[in-house]
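Chemist: The structure follows.
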């Protein structure tokens with residue numbers, strides 16, 4: 001299973017919505033929204049399961065998206 005599919009699988013265990021996608025430069029962007037505690041737990045779970053594939057990360061706050069109902073793989 002690839003990074004995006006694994007991240008989506010992990011995210012579905014938490015009360016979050018959002019997406020994960022590959023970028024043209026080979027990096028991966030993940031955007032999640034939910035309560036701060038849920039986001040922290042999600043990121044910890046992703047680091048634990050996929051840490052060997054993460055070379056660096058940047059966490060930023062963005063405006064919440066409306067209408068999201070799930071965590072998905074974006075293209």
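The values are calculated or read from the model by the stated rules, or taken from the named source; none is laboratory data. Just so it is clear, the structure is predicted and the values come from calculations on it, not from any experiment. All Cβ positions, even for glycine, are placed from backbone atoms using ideal geometry, and neighbour counts span all protein chains on display.
Chemist: Would you say residue 13 is in contact with a helix residue (DSSP H, G or I) (Cβ under 8 Å, 6 or more places away or on another chain), modelled with pLDDT of 95 or more, assigned to a loop (DSSP other than H, G, I, E, B) and surrounded by 11 or more Cβ atoms within 10 Å (Cβ to Cβ)?
Modeler: Criteria met by residue 13.
Chemist: Do we have residue 26 as in a loop (DSSP other than H, G, I, E, B) and closer than 14 Å to residue 2 by Cβ here?
Modeler: Answer is yes for this residue.
Chemist: Hey, can you tell me all the residues within segment 26-36 that are touching a residue at least 24 places away in the same chain (Cβ under 8 Å) and touching a helix residue (DSSP H, G or I) at 6+ places or on another chain (Cβ under 7 Å)?
Modeler: Passing the criteria: 28, 32.
Chemist: Determine whether residue 5 is over 9 Å from the mean Cα position of the chain (by Cα), in a helix (DSSP H, G or I) and exposed (fewer than 12 other Cβ atoms within 10 Å of the Cβ).
Modeler: Yes: the conditions hold for residue 5.
Chemist: Return the residues of segment 12-60 that are under 14 Å from residue 74 (Cα atoms) and within 10 Å of the chain's Cα centre (by Cα); say none if nothing qualifies.
Modeler: 17, 18, 19, 20, 21, 28, 29, 30, 31, 32
One line per residue, one yes/no per condition, for (1) modelled with pLDDT under 95; (2) surrounded by 11 or more Cβ atoms within 10 Å (Cβ to Cβ):
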residue: 17; (1), (2): no, yes
residue: 23; (1), (2): no, no
residue: 26; (1), (2): yes, no
residue: 37; (1), (2): no, no
residue: 46; (1), (2): no, yes
residue: 55; (1), (2): yes, no
residue: 61; (1), (2): yes, no
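Quick grid of which residues meet (1) more than 23 Å from residue 66 (Cα to Cα); (2) free of Cβ contacts under 8 Å to residues at least 40 places away in the same chain:
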site	(1), (2)
3	yes, no
7	no, no
16	no, no
20	no, no
24	yes, yes
38	no, yes
41	no, yes
44	yes, yes
48	yes, yes
